[in-house]
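Here the structure comes first, spelled out in structure tokens, and everything after it is commentary.
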Amino acid sequence: MKNISAIMKRELYGYFTTPVAYVFIVIFLFLTGIFTFYLGSFYERAQADLDPFFRFHPWLYLFLIPAIAMRLWSEERKSGTIELLMTLPISVSEAVIGKFLAAWCFTGIALALTFPIWITVNYLGEPDNTVIVASYLGSFLMAGGFLSIGSCISAITKSQVIAFVISVVICFLFVLSGFPLVLDFFQAWAPHALVDAIASFSFLTHFDSIKKGVIDFRDLVYFAILITFWLYATVVVIDSRKAS
Amino acid sequence: MTTENQSIAIEVKALDKQFGPIHAVRDVSFSVSHGEVLGFLGPNGAGKSTTMKMITGFLEPTSGTVIVNGNDVTTHPIEVKSSIGYLPEGAPSYGEMTVLSFLRFIAEIRGFKGAEAEKKIDAVVKKINLEMVLGQTIETLSKGFKRRVGMAQTIIHDPDVLIMDEPTDGLDPNQKHEVRSLIKEMAEKKAIIISTHILEEVDAICTRAIIIAAGKILFDGTPQELRATSDKNDIDDAFRIITTQHYEQHGERAHS
């Protein structure tokens, strides 16, 4: 635990002493604003909820989270600091978890900074705040899912560009598999169980259900398993590099 | 005479490493006792760094074992890593961190807390003369200072075993002298392995030299013995004779 927190602190320090953190947060807030008010027609709908805000989170994360995750391991490999890190008395899983938690914590900070929109909607009407809290939780969990995928891909390559592109593609598959367009295509001919299985892999399916304000145990388990799986894969990738 | 000072610290047995088709380290065996400074010599690409990376647990050997203070590096990596101070080639460190925050991070990982950590950092900062750059980010430092930060990271926990990959590479003569004095100073109680291309360094600080080429140990003995292999009693000459002979034989075998 002590090592995890040491790694996490160092990573977070790294975010905030370089422009990475500030650029990310500004772009994130700017884009959530645009999506909510223009594409989401926040005012025109005249409904006191934050659906137009949360609806676009999967699509924003699709590009922004891999940008955060790509540096997790690629940078260490490129600058050679991985040799320093991996010869310190820590286990690979401690390093993987510490780095992941730092990145997750960072996206949590960015997400928390969207609070003015929550204040706005409360000022304009009387929204169901439990739904909003659940949606924030769902969005945060989904960010963790994206990040864990990005962490694994970043461990594979020295190149941050490659890490970014591959992460986006894999994350896109995880989003896409719940998209009505894709599901409709399968619905026409595939058995119900298969369609459900495909949908159940998707971030969208689980995020949508949490977004409705119902925090189902199954959705929490989904994200927990997803994150654990990809972090475990990260450990395996880093371990295998030792032997190659 | 078997005092505690001379107990074996590092034991390398039949170490082998293969990277795909490249056989980087072949059946390397040696041991280093406390109080010894082992100089690792050899042409570029000879397998020096690879061997060091296997001793420190960064790479896994294809076969063979490494035992550091009684612990096998593949089965007890954390114990081994705790007792080693390792300076990787080029002394990589986190450029965006200040020297002080970097050393705090290392101290924390090495298990020091609060006042004890500050004490350790103070001691190492004084020893290596880092006072004036403590608040500077590492990426803005000169090469010499970067290397010093790497050294500080290596010795902050007063490790029993020191492994340094080309610690004086790229430094100016004064800085080289500083690093050498530091190593000499620590040599008495520790087991130290350094790799180098500078043969005078072997004379200056090493109690033993190993020459490795194409992944094989070609010579293992004292610097005096190494020098004696040359007719001119010259260490450069001795190195050249040993390494070129090996490559020539290798070349011939490849042709026939």
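The values are calculated or read from the model by the stated rules, or taken from the named source; none is laboratory data. Here the structure is a predicted model, which is why all the values come from computation and not from measurement. We place every Cβ from the backbone using ideal geometry, glycine too, and count neighbours over all the protein chains shown. Side chains included, ligands, DNA and RNA excluded: accessible areas come from the protein's heavy atoms. Shrake-Rupley method; radii C 1.70, N 1.55, O 1.52, S 1.80 Å.
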The summed charge of the A:Asn3 Cβ neighbourhood (under 13 Å; Lys/Arg +1, Asp/Glu -1) stands at +4
Bounding extents of chain B in its principal axis frame from Cα atoms, largest first in Å, are 64, 43, 41
Expressed as a percent, the accessible surface of chain B that is carbon or sulfur, using a 1.4 Å probe and the full set of protein chains, is 49 percent
So, over other residues within a Cβ distance under 9 Å of B:Gly215, counting Lys, Arg +1 and Asp, Glu -1, the net charge is +1
For the pair B:Gln249 and A:Ile119, the simple spin-label estimate (label points 7 Å beyond Cα toward Cβ) gives in nm 7.9 nm
The aspartates and glutamates whose Cα lies under 14 Å from the Cα of B:Lys189, excluding any fewer than 8 residues away in the same chain, are B:Glu4, B:Glu36, B:Asp158, B:Asp160
The alpha-carbon pair-distance distribution computed for chain A, with 5 angstrom bins and whole-percent values, is 1, 6, 13, 17, 18, 15, 13, 9, 5, 3, 1, 0
Heavy-atom accessible area of A:Arg241, protein chains in place, probe 1.4 angstrom, given in Å² to nearest 10, is 90 Å²
With Cα springs under 10 Å, the Gaussian network model of chain A assigns the largest mean-square fluctuation among A:Lys99, A:Lys78, A:Lys211 to A:Lys78
Connecting every pair of Cα atoms under 10 Å apart in chain A and solving the GNM, the largest mean-square fluctuation among A:Pro116, A:Pro127, A:Pro52 falls on A:Pro116
Result for region B:134-239: accessible area per residue, probe 1.4 angstrom, in square angstrom, of 41 Å²
Region A:1-112: Kirkwood hydrodynamic radius (Cα pairs, Å) comes out at 15.7 Å
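Enter the accessible area per residue of chain A (Å², integer; probe 1.4 Å; all protein chains in place).
45 Å²
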The ³J(HN,Hα) series, computed from each phi in region B:70-81 with the Karplus coefficients 6.51, -1.76 and 1.60 at θ = phi - 60°, rounded to the nearest Hz and given as x for glycine or proline, is x, 9, 7, 5, 7, 9, 10, x, 5, 4, 4, 5
Across B:Phe145, B:Phe239, B:Phe19, the residue with the highest GNM fluctuation in chain B (Cα network, 10 Å cutoff) is B:Phe19
Per-residue ellipticity at 222 nm attributable to helices in chain B (runs of n ≥ 4 DSSP H, -39500 (n - 2.57) apiece, nearest 500 deg cm²/dmol) works out to -12500 deg cm²/dmol
On each of the three principal axes the extent of the alpha-carbon atoms of region B:1-82, given in whole Å and largest first, is 44, 29, 19
In region B:142-244, the GluC sites (Glu not before Pro) that sit in a DSSP loop and have at most 13 other Cβ atoms within 10 Å of their own Cβ are B:Glu188
Phi angles of region B:155-170, converted by Karplus (6.51 cos²θ - 1.76 cosθ + 1.60, θ = phi - 60°) into ³J(HN,Hα) in whole Hz with x for Gly and Pro, give 10, 4, 9, 6, x, 6, 10, 10, 10, 10, 8, 6, x, 9, 4, x
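Taking region B:81-209 on its own, what percent of its Cα-Cα pair distances exceed 23 Å?
Working: 2230 of 8256 pairs.
When every Cα pair of region B:81-209 is considered, 27 percent fall beyond 23 Å.
Under a Cβ-Cβ cut-off of 13 Å, what is the net charge of the residues other than B:Phe19 that fall near it, where Lys and Arg count +1 and Asp and Glu count -1?
Net of charged neighbours comes to +3.
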Counting sequence-distant residues (5 or more places) and residues on other chains, those with an amide H built under 5 Å from that of B:Ser7 are B:His34
Answer check: region A:61-161, Cα atoms, Kirkwood Rh, Rg/Rh ratio of 1.12
Placing +1 on each Lys and Arg Cβ and -1 on each Asp and Glu Cβ in region B:1-91, then taking the dipole about the Cα centre, the residue among B:Tyr86, B:Asn44, B:Gly70 whose Cα reaches farthest towards the positive end is B:Asn44
Calculated from DSSP helices alone, with each H run of at least 4 adding -39500 (n - 2.57) and the total divided by the residues of chain A, [θ]222 nm to the nearest 500 comes to -25500 deg cm²/dmol
Pairs over 29 Å Cα to Cα, from A:Lys99/B:Lys13; B:Lys81/B:Lys216; A:Lys99/B:Lys53; B:Lys146/B:Lys190; A:Lys2/B:Lys120, come to A:Lys99/B:Lys13
Dipole check, chain B, charges on Cβ (K,R +1; D,E -1), about Cα centroid: among B:Phe145, B:Ser230, B:Gly95 the Cα furthest to the positive pole belongs to B:Gly95
Per residue, the convex hull enclosing the Cα atoms of the protein assembly as shown spans a volume in Å³ of 189 Å³
Losing no less than 50 Å² of accessible area (probe 1.4 Å) relative to the isolated chain, the residues of region A:65-114 are A:Thr81, A:Glu83, A:Leu84, A:Thr87, A:Leu88, A:Pro89
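Note the per residue figure in Å³ for the convex hull of the C-alpha positions in region B:151-197. Show your work: numbers first, answer last.
Working: hull volume 3.4 nm³, N = 47.
Roughly 72 Å³ of hull volume per residue.
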If every Lys and Arg gets +1 and every Asp and Glu gets -1 at its Cβ, then about the Cα centre chain B yields a dipole, in debye to the nearest 20, of 400 debye
Computed for the protein assembly as shown: size of charge dipole around the Cα centre, +1 on C-beta of each Lys and Arg, -1 on C-beta of each Asp and Glu, debye to nearest 20, value 300 debye
Rounded to the nearest 100 Å², the accessible area buried between B and A, both sides, probe 1.4 Å, is 2600 Å²
Check: C-alpha center region A:116-159 vs C-alpha center region B:55-121, spacing in Å is 36 Å
For region A:127-205, shape from the Cα gyration tensor axes a ≥ b ≥ c, cut at a/c of 1.5 then a/b versus b/c, turns out oblate
